[in-house]
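Here is the structure we will look at, set down as C-alpha cells.
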Protein chains: 6
Amino acid sequence: MKIKIIMPITQGVFDSHELAIARRYASEGTEITCVHLRKGSESIENQYDEALSVPGLLEEVTKAEEEGYDGVLISCFGDPGLKPAREVASIPIVGPAETSMLFASSLGQRFSIVTVVKDIVPLLEDNARVLGVEKLASIRYVDIPVLALEHEEKLLNALYDESLKAVEHDGAHIIILGCTGMIDVAKSLSKLLAEGRGCNIPVIDPAMVALKFLEALISLGLKQSKLTYMSSH
Amino acid sequence: MKIKIIMPITQGVFDSHELAIARRYASEGTEITCVHLRKGSESIENQYDEALSVPGLLEEVTKAEEEGYDGVLISCFGDPGLKPAREVASIPIVGPAETSMLFASSLGQRFSIVTVVKDIVPLLEDNARVLGVEKLASIRYVDIPVLALEHEEKLLNALYDESLKAVEHDGAHIIILGCTGMIDVAKSLSKLLAEGRGCNIPVIDPAMVALKFLEALISLGLKQSKLTYMSSH
Amino acid sequence: MKIKIIMPITQGVFDSHELAIARRYASEGTEITCVHLRKGSESIENQYDEALSVPGLLEEVTKAEEEGYDGVLISCFGDPGLKPAREVASIPIVGPAETSMLFASSLGQRFSIVTVVKDIVPLLEDNARVLGVEKLASIRYVDIPVLALEHEEKLLNALYDESLKAVEHDGAHIIILGCTGMIDVAKSLSKLLAEGRGCNIPVIDPAMVALKFLEALISLGLKQSKLTYMSSH
Amino acid sequence: MKIKIIMPITQGVFDSHELAIARRYASEGTEITCVHLRKGSESIENQYDEALSVPGLLEEVTKAEEEGYDGVLISCFGDPGLKPAREVASIPIVGPAETSMLFASSLGQRFSIVTVVKDIVPLLEDNARVLGVEKLASIRYVDIPVLALEHEEKLLNALYDESLKAVEHDGAHIIILGCTGMIDVAKSLSKLLAEGRGCNIPVIDPAMVALKFLEALISLGLKQSKLTYMSSH
Amino acid sequence: MKIKIIMPITQGVFDSHELAIARRYASEGTEITCVHLRKGSESIENQYDEALSVPGLLEEVTKAEEEGYDGVLISCFGDPGLKPAREVASIPIVGPAETSMLFASSLGQRFSIVTVVKDIVPLLEDNARVLGVEKLASIRYVDIPVLALEHEEKLLNALYDESLKAVEHDGAHIIILGCTGMIDVAKSLSKLLAEGRGCNIPVIDPAMVALKFLEALISLGLKQSKLTYMSSH
Amino acid sequence: MKIKIIMPITQGVFDSHELAIARRYASEGTEITCVHLRKGSESIENQYDEALSVPGLLEEVTKAEEEGYDGVLISCFGDPGLKPAREVASIPIVGPAETSMLFASSLGQRFSIVTVVKDIVPLLEDNARVLGVEKLASIRYVDIPVLALEHEEKLLNALYDESLKAVEHDGAHIIILGCTGMIDVAKSLSKLLAEGRGCNIPVIDPAMVALKFLEALISLGLKQSKLTYMSSH
C-alpha cells in the first residue's frame, strides 16, 4: 500500500526525520512519501495558523488521491483540515490527535495530552469534544514553540515534568504527546517515567499511531463514511 | 457604533437585502456596512466550501478592525472562521449559529435547526458540541441549495413542513432558521405555525439575533476572552 | 420600549442605583422602571429566601403586563420565579444568571461565577444544570452578605482574589459576577485583573447583560416558547 | 417512628385515601399523619401552581419538626419546595419524583414517567436534570387533570396505552407513575402489562417508594447534607 | 420476609459481625441469613478477584431463590455479579455500591467514596458510569487491605483524613464508605467529622442502605425489570 | 509477532473459520493461533453466560503470556473478561467491541451496532458507557442466536434490514457487526447497502479491526496502562 504523509506547514525541516521514523514503524509492503505545503503557515500554534494552512492542504490531498495513494496522514496534532479533506477524498484520511485519543481510550481510565504552547490548547479541547471521547483528563503544555523542539534534552525534561503532574494531579493513566514535532521521544519519556517514578504507563507518539491506524483501515478496506463526509464536488 | 457584516462568500447578490433588513433591526446610532469576499467559495454548503472561505474572511476581519469598526458579524450559519477571527481581532466577533443556539437556550426546553441541505448537517452538529449547549433537539433541512432560496413561497412551505416535524417528532419548542440566506422569513413562518396549528413558538432569524447580540456586547464593552483567543500576531 | 426591572426582595435600598446604571446602558428609546416587592424576603441568599419571594414576584409580573410593559427583568442572580413568571406572562421575562451564562458561553472556553455567600451555591449549580450549558468551570464566593456589598473596596479586593483563583486553579476564561448587588464593579474588576496580572478577560455584570438581552428580544419580537411555558390561567 | 405526609395543595379530598394506602405499606411501628395546606393551589399542574404552594408548605414542614415528627414526605410528583424544605428542617425530607427516579435507576436500563398533563412536563424534565440521573427515557402523559383522576378505569386504560408506547418506542424498561394522585393503580397496571403483552416490568407508585425511602433514612439515621442545605435561620 | 446476605468471598470471618449489625437495622419481621462462598477469592480488591468470585456467587443466588428467600444482598462494594445474578433470579437482588450512590444522590450535591485500596478504584469508577449518576465527586482510598480492616482506630483515623480531603478539595457533601468490610463505623466517622470540623454530613454504610433498600423493594413488590435482565435459562 | 485469539466459549466450531479469515487480514510476519475454552459457556448471549466464561478465559490469557505470545484478542463482542485479563497480563489484550466503537468514532458522526439477540443488548450498552464514547446511535439485533449464524443468506438479509433502519431511523453513518460470529459478511453487507440503496458507509467486522489494532499496539510497543490495570498477583 502507498501512504502519503502531509506536513501541513510550509517548513520542510521535519520531513526527512518524520519519514525515517515512519518507515521504521511501517509494515512490510507499505510505501511512504512525506511532503509539506507550498502555501500556508510556517508552523501551527493557534487557530489562525491552522485556518491559513487548510486550502493548501486540501490541494495536496486531492493530488495524493490522483497520484494513486491509498491513504493520507495529516501530520499535525491540530488535525487541520481533517474534516474537509475527508469530503474531497474517497481514500481514508487520518489525523494524529483523533487517532491518539481513540487509542488512549482503550488503554486505561483517563489520558492527558502534553502539547507545545498554551495558545493551541482551546483548539485541542474543541477537537476532543467533537470526537466525543470522555476520558480526557487534562491538556498541559511544555511552553516550547514547535520550531524549538529539536533541543531534545530540554524537551524531554519538560515532558517528564508535565507528565508527572498529569498523573499525580489530573489522574492521567496514559500520556499523549500533543505535537507531531515531538517525534521519537515517546519511548525515552516512557522509560524515564518508569525508572524515575515507577510510573509504568503508555506514552503515545501521535504520528506513529496515526500511521498504524491508517495501515489498518487500508488493509480492512475501511474509510470515512460518505453520510458524514459528503462529496464536495 | 460601527458594525461590519461580512458575507463569507464571493457572491454579492445577498448584500443589499441583508443590509436593508439589518438596518431595520439595528438600534438608533448603529452604522452598518455589508461586504462579501474577494476570494473563497460561492456559497457554503459543506466543510470544504467553508475551509476555502476562511483565509479571505480573515483578511476582511483584519481590515475591519483597521478601519475602526467596533465589531464584526460573520453572516453565515456555519460560523466559518469565527474562532481564528477572534484570535486576530481585538474587537468582538459574532456568528449567527452560536448566537442563535444561546438565545434559543433561554427561550425553552429544546430547539431544532432547519437548514438548507444535508451536506452541512455534520458541521452544524460539531459546532453545537463545541459550544456546549444541551438543548439541541434535531437538525432538519429543506433540501433547497443556498442559491435557490429566493423562491420565497417554496422555502416557506418547506420550512413549515420541517418545523412541524421538529415540534411533533423531535420535541422542539423553538425553531432556528439554519441559513442566513433565509432572511426575513422568520415572522412569516412564526405566523404560519401559530395560525395553521396553534403552535405558538419563537422562530429565530440567525443573522438578526447575531446583530443584536453584537450591539449588546459593544455597548457593554465586552468581547471574546484573550485567554481563549490568544493574539496570533 | 418599556421595561420593568423587578427587585425580588422587600428592600428598596438598591432600586435607585440599579435604575441609574440601567439607564446608562439602555438604548435610546428604552424607558425603564424599577420596583421591589411588597411581600417576600429582605435578601435572597438561599433556596428558602427564594421560595418566599416568588408569589409576590409573580403578582408584580402580572401587574407589569397589565400596565403595558414590553418585558420584565427579574434582578436577582438566583433567577427566582423565572420559570413560573414565564408561564403567567405573554411578554418576555429574563433573568441575570441565565443570560450571563449564555453570553459567557460565547466569549470563551469556560466561565466562573463569583457570588456572595456559600449558602446560595447549590441553587446556582442547579440553575446551570437546568440551562444545559457545559462551560461552567466553578462557582466561588466572596463571603460577603448581600446587604454588606456597599463597601466597594472590600468587595473589589475579594472579587479580585476569587477571580484570580478561578482563572489560575479552575481554568476560567471569563468571570461572571454572581449577585446583581455587585453592580457597577465589573469594569473596575476587569481593569484590576488586566493591570495587576495581565489577565485580559471579560467580566460580566449580570443585570446589565440581562437588560441588553431583554432589549434584543423585544426588538426582534421574540419571547419564551409557549410549548415550554404554557399559560397557567 | 412518626412520619408526616404533606399534600402540598389546598384540597383535602385525597388525604384519607393516601393515608390508608400509606398505612398498608408502612413498617410496623411507623405512625403516619397526612395533612394538606391552608394556603396554596388547588392542584399542581404547572410551575405557577407549584410556586404558589411552597410558602404554605414550608410552614407545614417547620410545624412538623416542632411537633416531633421524624421525617416528612411531600406528596406531589413535582417535588414542590423539596429543596427549601430541606434547608429549614433538620429532619429528613423526601419527594416522590426524586425517590422514584433513583429507585428506577437501580431496576433496569431506562425508565419512563407517565404523568397527568402536558403542562407539567418541563418541570419534571428540569427536576431530572438537577438530580443527575441518566436513565430517563421519556416523559409521557395521559391528558387527564389531577382532579379527574378518580375515574379509575379511564385512568388505567390511558396509563396502559402510554406505558406500552414508552416501552415500544422509547425503550423504557420501568414505568414511573408521574402523579401521586395515581395512587393504588401501580399493581393493576403492572398486571395488565404482563398479561396483555407479556411485558413483565416494574411499575413504581411514587408516594409509596418515597414512604419506604423515608423509613429507611430514619432507621439508618440519615438525612440531607447540611453542606448542600444550609440552615436558613 | 426472608433475606439472604451473600458475602462473595471464601472467607467466613466477617459473617457473624455482618449478621449482627444487619439484624440491628432490619425491620421487625425480617429474617436474615448470611453465607459466604465455597469457591472464589479470599477478598475482592481488583477486577480479577471479582471475576473469579462470580460463578460461585451465582450458584448461591440460585440456591437462595430455591430455598424461598424473598431477596438477596450481595455484600461487597464492587457489586460483583449483580447483573448476571439479576438475570438468573426472579427475586430482587441488590448491591451496596449501586444503592449507596442512589441514596447519596438524594442527600446533596455531590458524594465521594472512600474505599480500601487503589487497585479497586477503576472498577468503582466504571460501576458509577454504568449506573448513570452524575454526582460522584471523587473516589479516595485509605490504603488498608480488606483483611486488615479490623484495626478500627487506624481505619477510623484514615477515613477521617480522606473524608476531610473529599469535602475540602473535591466538593463532597456526602461520604460513602467504599467497602462493606468497613462495617459499623459510619456513625463514629460522622460524629468525628461533626465534632472535629463542624462538618455535619451524612456518612453512608453501604451494606446497611442496601439492606433497607431490599426490604423496601420486597414490601412494595418491586424487583429488577425483565426487559433489562432477561431470564438466562 | 505472535498473537493468540481466544474464543471465550466451549464450542470449537468457529475456530478454523476465524483463523482462516484472521490470517487473510494479518500483516506479513504475524503468527496467529486460535483456541477455545475448556470450561465456560457454549455461547455468550447474556451476562450470565459471560460471567461463567471469565475464569476459564483468564487461565488461557495467563497461559498465552507464559507461552510467549505478544498479545491476545478475546474474540467475542461482549468483550468478556477484558478488564481482569488486562490485570493478569503484561502483554496487550484487546476486545472487538471496544476496538470497533473506537474505530467507528473516527469514521463519522454516529454508529449503530447490529447484534444477535435482544438479551445481550444491555451488556453492550453498559460497555459503551464504560468506554466513554458519545457516538453510539443505537443497538439493533437480527434475532438469530449465535449458533444459528451459519445460515449466511438469512443472516445477510436480516443485517441488511436492520442496518437500513439504523441509517434511516437512528441516524447511523457506520454499522458495526455486533457479534464475532458474523465473520466474513462485512464486505457483502457493505456492497448490498451501496448497491441497494446508494448507502455508501463503512461496515466494521469486529474481530478483524481488533486484530489490526492489536498488531498496531504490538508494533508500537504499547499496552494497557498499569495505573488502570494493576497487577493482580
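Read-outs throughout are calculated quantities, based only on the coordinates presented, and are distinct from any laboratory measurement. Just so it is clear, the model here is predicted, and its values are computed rather than measured. Positions of Cβ are backbone-derived with ideal geometry, glycine not excepted, and every protein chain shown enters the neighbour counts.
Charging the Cβ of each Asp and Glu at -1 and of each Lys and Arg at +1, and nothing else, the dipole of the stretch E:1-87 about its Cα centre rounds to 100 debye. Rounded to the nearest 20, the Cβ-based charge dipole of the stretch D:97-206 about its Cα centre (Lys and Arg +1, Asp and Glu -1) stands at 300 debye. Give the calculated FRET efficiency between C:THR62 and C:LYS154 to the nearest 0.05, with a Förster radius of 35 Å applied to their Cβ-Cβ distance. With R0 = 35 Å, the Cβ-Cβ based efficiency is 0.35.
Distant-in-sequence amide contacts of A:HIS36, defined by a placed amide H-H separation under 5 Å and a gap of 5 or more residues or a different chain, comprise A:MET7.
Amide H to amide H distances under 5 Å link A:LYS226 with no residue, where only residues 5 or more positions off or on other chains count and H is placed in the peptide plane. Under 12 Å from the Cβ of E:ALA194, count the other residues' Cβ atoms, weight Lys and Arg +1, Asp and Glu -1, and hand me the total. With Lys, Arg at +1 and Asp, Glu at -1, the neighbours total +3. Can you give the relative contact order of chain B as a percent, counting alpha carbon pairs under 8 Å and 6+ residues apart? Taking the mean separation of contacting Cα pairs over the length of chain B, I get 22 percent.
A label point on D:ILE21, set 7 Å along the Cα-to-Cβ line, lies at 3.6, 5.0, 5.3, 5.3, 6.7 nm from each of its counterparts in the other copies, closest listed first.
E:HIS151 label point (Cα plus 7 Å toward Cβ) to equivalent points in the other copies: 4.9, 4.9, 6.5, 7.1, 8.3 nm, shortest first.
Of all chain D C-beta atoms, the nearest to the rotation axis linking D with F is recorded, alongside its rounded Å distance, as D:HIS169, 6. Normalising the average separation of contacting C-alpha pairs (under 8 angstrom, six or more residues apart) by the number of residues puts the relative contact order of the stretch B:97-207 at 33 percent.
Residue order for F:HIS17, E:HIS36, fewest other beta carbons within 10 angstrom first, comes to F:HIS17, E:HIS36. The charge dipole of chain C, taken about the Cα centre with unit charges on the Cβ atoms of Lys, Arg (+1) and Asp, Glu (-1), comes to about 520 debye, rounded to the nearest 20. Amide hydrogen proximity for F:ILE204: with H placed 1.01 Å from N in the peptide plane, the residues at 5 or more positions away or on another chain lying under 5 Å are F:ILE175, F:ILE176, F:LEU177.
Using alpha carbon centroids, what distance separates the stretch B:1-61 and the stretch F:38-95, in Å? Spelled out, the Cα-based centre of one part sits 59 Å from the other.
Each copy carries D:LYS191; placing its label point 7 Å along the C-beta direction from Cα gives inter-copy distances of 5.0, 5.8, 5.8, 7.5, 7.7 nm, listed from smallest up.
Measuring between alpha carbons in the structure, the pairs from B:LYS212/D:LYS83; B:LYS118/F:LYS154; D:LYS83/D:LYS154; A:LYS226/F:LYS154; D:LYS191/E:LYS135 lying more than 30 angstrom apart are B:LYS212/D:LYS83; B:LYS118/F:LYS154; D:LYS83/D:LYS154; D:LYS191/E:LYS135. Relative to the longest principal axis of the Cα atoms of chain E, the long axis of helix E:15-25 lies at roughly 80 degrees. In the stretch B:94-233, taking the dipole from charged Cβ atoms about the Cα centre, the farthest positive-side position among B:HIS173, B:PHE213, B:ASN157 is held by B:PHE213.
Couplings 3J(HN,Hα) for the stretch D:115-127, derived from phi with the Karplus relation 6.51 cos²θ - 1.76 cosθ + 1.60 (θ = phi - 60°), are 10, 7, 10, 4, 4, 8, 4, x, 4, 5, 4, 5, 5 Hz, where x marks Gly and Pro. Karplus-based coupling profile of the stretch A:215-221, in residue order and whole Hz: 4, 4, 4, 4, 6, 8, x, with θ = phi - 60° in 6.51 cos²θ - 1.76 cosθ + 1.60 and x standing for Gly or Pro.
Decide, for chain B, between rounded, prolate and oblate: order the square roots of the alpha carbon gyration tensor eigenvalues as a ≥ b ≥ c, take rounded if a/c falls under 1.5, and otherwise choose prolate if a/b is larger than b/c, else oblate. It is prolate, given that a/c is not under 1.5 and a/b is the larger ratio. Couplings 3J(HN,Hα) of the stretch C:206-214, computed from phi: x, 5, 6, 5, 5, 4, 5, 5, 5 Hz, in residue order, whole Hz [Karplus 6.51 cos²θ - 1.76 cosθ + 1.60, θ = phi - 60°; x for Gly and Pro].
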